[in-house]
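The values are calculated or read from the model by the stated rules, or taken from the named source; none is laboratory data. In this text the structure is predicted, and so the values were computed from the model without any measurement. Because the Cβ atoms are built from the backbone with ideal geometry, glycine has one as well, and the counts that use them run over all protein chains shown. Heads up: the accessible areas ignore ligands, DNA and RNA and are worked out on the full protein's heavy atoms, side chains in. Shrake-Rupley method; radii C 1.70, N 1.55, O 1.52, S 1.80 Å.
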Amino acid sequence: MILLHCPYCGPRGHEEFTYAGDATKRRPEIGAPVDAAAWHDYLHLRDNPRGPHRELWHHVQGCRAYIEVLRDTYNHEVLACGLPGDPLVAEEA
Ligand SMILES: [Zn+2]
């Protein structure tokens, strides 16, 4: 079980969450001119890193907030959690 620290609910098992994607991708500004290559990159291209990776998780069986998680994809260790856009809070070992 992966333990994710929801800023509103506290530590919860990952079963309460749904993976919501790569947190490193930023949507192009609404209304700004965007070429097809930039949309293709935003919608479809993802890295597959081995090691720390920023992810979005949705607390669907809790407060329904989206949280940002820094997780090591090699050993599933959660390194930090927080609200998207806020500084992440490191997990205690
Ligand atoms: Zn929550």
ask   = Looking at the stretch 18-37, is at least one residue modelled with pLDDT of 95 or more, more than 18 Å from A90 (Cβ to Cβ), within 16 Å of the ligand (Cβ to nearest atom) and open to solvent by less than 80 Å² (accessible area, probe 1.4 Å)?
value = yes
ask   = Can you name the number of the only condition in (1) surrounded by 10 or more Cβ atoms within 10 Å (Cβ to Cβ); (2) free of Cβ contacts under 8 Å to residues at least 60 places away in the same chain; (3) in contact with a His (Cβ under 8 Å, 6 or more places away or on another chain) that R64 fails?
value = (1)
key: Cross-chain or 6+ apart pairs with Cβ under 6 Å, the stretch 10-37 first and part of a loop (DSSP other than H, G, I, E, B), then within 16 Å of the ligand (Cβ to nearest atom)   = F17/L4; F17/W57; F17/H59; A23/E55; A23/L56; A23/E68
task = List the strands (runs of 3 or more DSSP E) that sit entirely inside the stretch 48-87 and contain at least 3 residues that are touching a Phe, Trp or Tyr at 6+ places or on another chain (Cβ under 9 Å), within 16 Å of the ligand (Cβ to nearest atom) and under 16 Å from G21 (Cβ atoms).
result = 52-58, 66-72
ask   = Can you name every residue in the stretch 46-57 that is at pLDDT 95 or above and surrounded by fewer than 13 Cβ atoms within 10 Å (Cβ to Cβ)?
value = R50, G51
